[in-house]
Amino acid sequence: MCSDVVVRELRDADLPAVAVLLRTEWPDVDWEHRFARQWRNAPTVAGARPPRGFVHADRDAIRGFFGSIPIPYQVDGRAGLACIATALCVHPAARGHGVATALVAAFDTQRADAKVNSTPNAASAPLFARAGYASIDPAAGRHLLAHAEQPFGVLRKAWRAHKRGMVQSLLQVAPRAPEPALTCARLDAATAELDTLWQTHRGTHPTTLWRDRTTLQWLLFADPRCTVIGCRDGTGALRGYGACREERGELRQIDLFPACDDDVSFALGLASASLAAGRGIATVRLLSVSAPAARALQSHGFEPADDDLTIQVRGIDSHHAWLTRIDGDRWL
Ligand SMILES: CC(C)(COP(=O)(O)OP(=O)(O)OC[C@H]1O[C@@H](n2cnc3c(N)ncnc32)[C@H](O)[C@@H]1OP(=O)(O)O)[C@@H](O)C(=O)NCCC(=O)NCCS
């Protein structure tokens, strides 16, 4: 392996050639659409003009690429910036010469408060590990309650019983029905009440994605695959939301905020089950929730489940962070 591999920042003019390179590895992805979604449609982060990635060029041909998606983040309670790793790819003829190592090093030298790689595989995970990235262990997350990404439950046989779909009625029959006045319904737009929700609860999760309405519009509401469910109290005030998406035949909860309100987590978990039942989807996979909410959901047929999710991070203390499936590039 040589250590003198030259990489440079991605330029607009590189994009067609980058799409050609990426198609050799992932032929089914509409890369132009993805570039628009991850960069052109992204909200700008105040004061930051971070790179969107790095390339290795051999003469005029792009032989290696590593994307970076700047995303607003709260780190240790302060507004900041995270760089999300995406689509690390080296042309087969150029592999084994340290190109990926150089691209990861360039990604890592970016000035950002946190860096997140949510899609490592057997080939790329060691590159990040050697660069000092920490892996968040999903199995540990279950016992750390809501501090790390961990799907809690997979609903199997019990979903038919919930087919009437009314969260209100489900809460009434729940052994633990803490706030019967909570109701859940789809949110169609990212409105100002999401800003209020974020400002009210951001202190409970010192390190997490910056969930104002602008960021949520970009990540969740602009995605037609995504359904956002809001949870309201008896006065109509928004207490929390959960976002779901159908993936691999399951309905997966991909985001939940805040994560520390047991009643809201419980209500949104049941609402996700109702949504799945209405769509004829038998399996619902939720993010991890606190032990009381987990117990309440277990009494409704949910059971603990493992997940294939590994997240590699720098700048994030997993014990004080709330990470979900929209951290990293899995939402794309
Ligand atoms: C993974 C990939 C980017 C590595 O690119 P590369 O330029 O060959 O990597 P490097 O030359 O910098 O190698 C870095 C190290 O990773 C190891 N490595 C490379 N490919 C590997 C693989 N498939 N499995 C395990 N280790 C691998 C190398 O042996 C090297 O280790 P060493 O320094 O101890 O010799 C390239 O194989 C690729 O494009 N794969 C397809 C796309 C992909 O899987 N991307 C990652 C997930 S998004």
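General observations
- Length-normalised contact order for segment 8-132 - Cα pairs under 8 Å, 6+ apart - percent: 22 percent
- Of the trypsin sites (Lys or Arg not before Pro) found in segment 16-63, the ones in coil according to DSSP and having at most 12 other Cβ atoms within 10 Å of their Cβ are 59.
- Global geometry of segment 205-332, whether rounded, prolate or oblate, following the gyration tensor of its Cα atoms and the 1.5 cut on a/c: rounded
- Charging the Cβ of each Asp and Glu at -1 and of each Lys and Arg at +1, and nothing else, the dipole of segment 8-132 about its Cα centre rounds to 180 debye.
- Over all orientations, segment 1-126 has a Cα convex hull whose mean projected area works out to 8.2 square nanometres.
- Scanning residues 5 or more positions from residue 239 or on other chains, those with amide H under 5 Å from its amide H are 231, 232, 233, with H placed 1.01 Å from N in the peptide plane.
Quick note: the coordinates plus some simple rules give every number you see, no bench work behind them. Please read all numbers here as calculations on a predicted model, not as lab measurements. Backbone-built Cβ (ideal geometry, glycine too); neighbour counts: all protein chains shown.
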